[in-house]
1. By how many nm would the segment from residue 92 to residue 205 grow when fully extended, if each residue of separation counts as 0.36 nm and the alpha-carbon distance is taken off?
2. Which order results if 264, 112 are arranged by neighbouring Cβ count within 10 Å, fewest first?
3. So for the pair residue 527, residue 327, with labels modelled 7 Å out along Cα→Cβ, what separation do we get in nm?
4. Just rank 465, 243, fewest to most, by other beta-carbon atoms within 10 angstrom.
5. How big is the gap, in Å, between the Cα center of region 302-375 and the Cα center of region 160-190?
6. Taking the simple approach of a point 7 Å from Cα along Cα-to-Cβ for both residue 512 and residue 398, what is their distance in nm?
7. Going by average Cβ density within 10 Å per residue, which order do the peptides 518-528, 281-291, 190-200, 126-136 take, highest to lowest?
8. Once you put a point 7 Å from the Cα of residue 472 and another 7 Å from the Cα of residue 535, both along the Cβ direction, what distance in nm separates them?
């Protein structure tokens, strides 16, 4: 994709999104202040930034409700306190293979540690915040250094900087990011000799005005299907990228491209929506639903404050020419009047009970829209295991559809790309032959609180079934034959998160049982031999005893009669 096509596509996307951005502006103003990129993009110089614009907000219920839901989503899906995913083979035979499962578990642990050592936890929280607020988000995963391993780096893109060509599942086929950079930053990245003349002049004149740049990641159709497990030259990779200067270029094709064209092995930009919007690639979030209540609440609180000032310091009614001079409200001040009874306050008659009731109802409605009432913990800091389980089940009901959107749009591609990055960097253990020969493919299973809750339900059901079966099996022993003990035990271990390295392989179990059977047979044979020996010994003793008790001459033969 050349610079001309990038500029054309970017301009079309920017024009098509005008009405959507108008809605985002209102959300940014009242629900997620100073977020989304709008606040700073409209201010090319730092001195023009209005840091006091939050004073237009008269009630912070929506702001806090947004933060609460964001925190719940973060702690529920990708908590930094515990590992939130596992890797599994799509082939059941490989999942049953001890060596294959142990290798994949080690790979999963390395992927998790790589994410933990990066800024993933910080940036994914920003992504959740954008989803709850604007209904959309995008996060980019980069490799800072391909020569020497320095881990991975994430950046959540402000919503107003995001433009993309959607694929079949609304994923980003081509990704465009609007950047606002000072001339000094442009030169620091590419060097003063590699930038257009106009940029150099601005830099030499010490101008800090920001210039608009488009960072475009595009699919290379001719590179589709290449082996991305091997190291490839940047221009041989399935995805390319370019930086295009929209301002300050010399006006010739190619002159507005900053730096060399680069490449990615996978699409590094991942987009997701809180809730799909019919007929649009842009989604919507709780903030869109709550916006009407938020605006109404803000107006009601503003009116209530205005009425309160009149109640606190009401205007005065006076008789004509009753006051000599001016009213003096200073401490110790004097006001001369003709008749003291000719001055009285003008009561507004405002009913604050009505306004307070309306404010309470609007605040409660906003909290419900952001699911705060469904997800908040009890006042007591201590919860029983049953209460925790019920709370997770409630989260699943409330956030079930959203969880799928986040996993498919963000978490799946992040884990998959990190796995690929570690593979190319040679940081994963050697693949077992059984996996290579079977061409094993990997799927991701999530083990966060919601997923653990679902798996715990299955494990509890299995345990309850076994207890019931054991109870009825005393009356009908044939019922026990229904259960395959090995398969039952392995499924239960998997649901309870037992590592594969803690379980014996099927071959090891068979060998162990054969050895145990041989030992039992040998023990039984020894016991039988010892029993026979004891019987023979006892028999000999009995015969000897009988012989000792017989009289002399007894037992000797005589003539028959």
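Nothing in this text is a laboratory measurement; each read-out follows from the coordinates by a stated rule. Note that the structure is predicted; figures quoted are calculated from it, not measured. Cβ: placed from backbone, ideal geometry, glycine included. Neighbour counts: every protein chain shown.
1. 34.1 nm
2. 112, 264
3. 10.7 nm
4. Ordered by Cβ neighbours within 10 Å, fewest first: 465, 243.
5. After rounding, the separation between the Cα centres reads 51 Å.
6. Inter-label distance under the simple model: 4.4 nm.
7. 126-136, 281-291, 190-200, 518-528
8. 4.4 nm
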